[in-house]
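Below: the structure, in structure tokens.
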Amino acid sequence: MYSEIGLFALKLSLILAIYGTIGSFVGHFKKNPRLVLSARYALFSVVFLLTISTISLVVGFVSQDFSIRYVYENSNLSMPVEYTWVAFYAGNAGSLLFIAMVYSILIAVTLITVIRAYRNLAACVAGILGVVLVFFLGVIVFLANPLEKLDYIPPDGLGINPLLIHFGMFIHPPMQMTGLISVVIPFSLILASALVGQPYPFKWLSLVRIWALISWVILTLGLMLGSWWAYTILGWGGYWAWDPVENSALMPWFGMTALVHSLVVEMRRGIFRLWNVILATIAFSLASVGMFINRGGPVPSVHSFAESSLGWVFLVFLGCVVFISSMIIIWREDVLRSHHRMGSYFSREAAFLLQNILFLVVTFITLWGTIYPVISDVFFGEIVSVGEPYYNRVNGPVLLIIVALMGIAPVLPWGQARLAILKKRLLIPALSALGMVILLLILGLTQVVPIIAFTVLTFIVGTILDELVRGTIARIKRGENYIASFWNLINSNRTRYGGFIVHMGIVILAVGATGSSFYSVQKDFVFEVGETKNLGRYSFTYDNLERKAFLDRQEITSEFSVYLKDKFIANINTTRAFYPQFDLTSSKAGIVSTLAEDFYIVSSGLNNDEQAVFRVYINPLVKWMWLSGPIILLGTIVAILGAFFQVRRKNI
């Protein structure tokens, strides 16, 4: 009964979404406020209806109702009940329902904020948001119904993909899916203003930037959580392999990063308006590509658990979005073109523009590497793979330049840079960078790339600290105390200083990535129980091997005692499990993590004579990457609060 109610709610939500979309556009262009209001309420009601559908599917999982095809395909009697939520979005149909549910909530919140900020644009925003909602609901109802019933009731289900049985799966997929669909919000706000064809005020730009920052930080956290999941459960000792599904979230992240910075220029200088519409369209197009890959597109991936032909539906939708957006941009090109010109090439806006271009260069390099295997197979009949070496060689230098600009751009003035001011602002950062080079050489580091990377990162830290110290000292001279002066400095321009906090988080992330990429050590060992081996400063003893049989798997757990310079530091376990139903083996690493490095051990299997094989990694500075997440989140919240108070202060 509950599945029928959920299915009815799904179909009704599609009907109301269609009405809300058409009504919003017609009401706007016919200047019919009653129709606009009615359409808006229709879109609001979709939240309630999709909540009913979501609850219906969750009840199906909890009650183990295998008569529902999706429940049958993504769970079984041995699945831990707490993983019901993970099973909910483990396949295509459920993940699409999750995306539609989250997106409907985002639409409601967006429309409420838009009505308060700029009522004239609300109807067009609702219409554009509604088009995407109708697409998702149409796909769910007609092509991927999560509440479809089987003709019989199986005694058990097929089970959830074993790799999804991990704590990170409670957070990572929802974050990544929410991040991808949230890109629609800033895209719709910007495209609606272009469609209306009238200049919009500072308050509107602040609202667009708030939503761009929200989308950006969700994508950021989703990417980081995905890296953490890969590091702990995939058992290959790394966290990023330029996998197609990883790239599917990284590409819109690059686009949104460019947009967030470019919006600052438009707000401050009144330029880049046309460029920002193009950036928003590119970011949303890349998010559509991401959903195309995640929905079972033809690009192979270790992360792509939901295989289907739905990817091509998303590809067609992407083509329509690009075509219609391009037509609107061409139609309104005269309105979108800025009347102001960029100042000197040595100005902050010029640095932001260069950074934007480089972000797009990296994005399209990544896109080409992601789709080239498909092109090669379809057009040339050759099966090829594009791996880490390509991305690292081609993207690496460009990313390093982008990071360097992250340190230079904030210290450049708007409009025109004076050489004397530049020398003064860059002196301390340059000296800091020089000091880092000397220190690294003294420590015996000889690889050129990491030396350059650490030097650039030190330069960025120098620019941030110099700005904060100079601003704090200036306030102290006015009579403020030390703590109050720093607090008031941050509050005086939350958008700017929130950005500095984010940049500091990015630096910490880059330190971890550089250290672990260039100085990681790995070695394979063959063990018998009781043996002790050594790698670097570590010694580790194989204490015990335990076998367990479960309904869905056979599991081997190996216990180790780990010592650092002969001092005991931890007992850790590494687990290797085989799932006969999936013909899949998964390994969970044992990790001892410190700020300096990670000791990482993972089982590779058993030899015929019952000797165990393990791979051991010493990964420097990995923990820095995970610690950067909260700092980036904090900085984004500060920047969002700054933009929020700008919306409240400015008059329409």
What does the C-alpha gyration tensor say about the overall shape of segment 521-584? Classify as rounded when a/c is under 1.5, otherwise prolate if a/b is larger than b/c, or oblate. prolate
Once you place label points 7 Å from the Cα toward the Cβ at residue 428 and residue 112, how far apart are they in nm? 4.3 nm
Efficiency by 1/(1 + (r/R0)^6): what FRET value for residue 37 and residue 537, r their Cβ-Cβ distance, R0 = 60 Å, to the nearest 0.05? 0.30
My understanding is that a pair violates if its Cα-Cα distance is over 30 Å; which of 11/588; 149/548; 423/477; 533/588; 423/623; 567/588 do that in this structure? 11/588; 149/548; 423/623
Treating only the Cβ atoms of Lys and Arg (+1) and Asp and Glu (-1) as charged, compute the dipole magnitude of the chain about its Cα centre; round to the nearest 20 debye. 4000 debye
For segment 510-652, what % of the accessible area comes from carbon and sulfur atoms, probe 1.4 Å? 52 percent
Per the Debye formula with a single identical scatterer at each Cα and no solvent contribution, what log10 I(q)/I(0) holds for the chain at q = 0.05, 0.11 Å⁻¹? -0.26, -1.22
Added length on full extension, which subtracts the Cα-Cα distance from 0.36 nm per residue, residue 488 to residue 105: 134.4 nm
Roughly how far apart, in whole Å, are the Cα centres of segment 442-475 and segment 152-177? 43 Å
I'd like to compare 573-584, 355-366: which one has the highest average count of other Cβ atoms within 10 Å, and what's the full order after that? 355-366, 573-584
Estimated translational D of segment 499-652 in µm²/s (Stokes, Kirkwood radius over Cα pairs; 37 °C; 0.692 mPa s): 180 µm²/s
Accessible area per residue for the chain in Å², computed with a 1.4 Å probe and the full protein assembly in place, what is it? 44 Å²
Taking all protein chains as present, what is the carbon and sulfur share of the accessible area of segment 121-171, in % to the nearest whole number, probe 1.4 Å? 68 percent
Residue separation times 0.36 nm, minus the C-alpha to C-alpha distance between residue 627 and residue 11: what's the value? 217.4 nm
Do the sum for the chain: with -39,500 (n - 2.57) for every DSSP H run of n ≥ 4, divided by all residues, what is the mean residue ellipticity at 222 nm, to the nearest 500 deg cm²/dmol? -22000 deg cm²/dmol
Once a ≥ b ≥ c are taken as the square roots of the eigenvalues of the Cα gyration tensor of segment 124-206, is the result rounded (a/c under 1.5), prolate (a/b larger than b/c) or oblate (a/b not larger than b/c)? oblate
Compare the Cα positions of 130, 53, 599 along the charge dipole of the chain (+1 at Cβ of Lys, Arg; -1 at Cβ of Asp, Glu; about the Cα centre) and return the one farthest towards the positive end. 130
Going by average Cβ density within 10 Å per residue, which order do the peptides 517-530, 158-171, 496-509 take, highest to lowest? 496-509, 158-171, 517-530
Which one of 510, 444, 426 has its Cα pushed farthest toward the positive end of the charge dipole of segment 416-569, where Lys and Arg give +1 and Asp and Glu give -1 at the Cβ? 426
Given 90-102, 142-154, the highest-first ranking by average Cβ count within 10 Å works out to 90-102, 142-154
Estimated inter-spin distance, residue 148 and residue 354, nm [label 7 Å along Cα→Cβ]: 5.4 nm
How high is the relative contact order of the chain, in percent, counting Cα pairs under 8 Å that sit 6 or more residues apart? 11 percent
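The values are calculated or read from the model by the stated rules, or taken from the named source; none is laboratory data. This structure is a prediction, so every number in the text was calculated from the model and none was measured. Using ideal geometry, Cβ is built from the backbone for each residue, glycine included, and neighbour counts are taken over all protein chains shown. Keep in mind that these areas ignore ligands, DNA and RNA; they rest on the heavy atoms of the full protein, side chains included. Shrake-Rupley method; radii C 1.70, N 1.55, O 1.52, S 1.80 Å.
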